[in-house]
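The values are calculated or read from the model by the stated rules, or taken from the named source; none is laboratory data. Everything quoted here is computed from the prediction, not taken from an experiment. A quick note on method: Cβ atoms are made from the backbone with ideal geometry, for glycine too, and the neighbour counts reach across all protein chains shown.
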């Protein structure tokens, strides 16, 4: 079983046991969180759930670590004007381990 979730303005394909890097979350390391909005659920041997049908699905995860990505260089210049600027950037991320995907319809 796997699901498509949206968190931090990005979409991720997740399955139980996966470790993914999402944009920085505010919870502490070791905390349990329910991740973003579930866009689609692909159950094993079942029908695809999307839209409102996937609204009753939760993806539970545990925060494994907080870190920052590798540095990227941002270089700006204007030709013939002797204008050059270099700047570095490191984006913060949170590493989460997907515990399980729970469908509230299956629980009821």
- Note on the structure: Exactly one of 29, 22 is in a strand (DSSP E or B), at pLDDT 90 or above and within 29 Å of residue 70 (Cβ to Cβ), and that one is 22
- Task: Tell me which of these residue 40 doesn't satisfy, since it passes every other one: (1) within 19 Å of residue 96 (Cα to Cα); (2) assigned to a strand (DSSP E or B).
- Result: (1)
- Task: Could you please tell me which pairs satisfy a Cβ distance under 6 Å, a separation of 6+ or placement on different chains, a first residue in the stretch 30-50 that is more than 16 Å from residue 14 (Cβ to Cβ), and a second residue that is modelled with pLDDT of 90 or more?
- Result: 31/63
- residue 93 is checked against (1) in a strand (DSSP E or B); (2) without any contact (Cβ under 8 Å) to a residue 24 or more places away in the chain and fails just one. What number does that condition carry? (2)
- From the list 58, 68, 85, 79, which residue is in contact with a helix residue (DSSP H, G or I) (Cβ under 9 Å, 6 or more places away or on another chain) and free of Cβ contacts under 8 Å to residues at least 60 places away in the same chain? 58
- All-but-one check, residue 12 against (1) crowded, with 16+ Cβ neighbours inside 10 Å; (2) touching a helix residue (DSSP H, G or I) at 6+ places or on another chain (Cβ under 9 Å), failing number (2)
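Results for (1) exposed (fewer than 14 other Cβ atoms within 10 Å of the Cβ); (2) part of a strand (DSSP E or B); (3) touching a strand residue (DSSP E or B) at 6+ places or on another chain (Cβ under 9 Å), shown as yes or no for each residue.
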| position | (1), (2), (3) |
| --- | --- |
| 53 | no, no, yes |
| 59 | no, yes, yes |
| 75 | yes, yes, yes |
| 85 | yes, yes, yes |
| 99 | no, yes, yes |
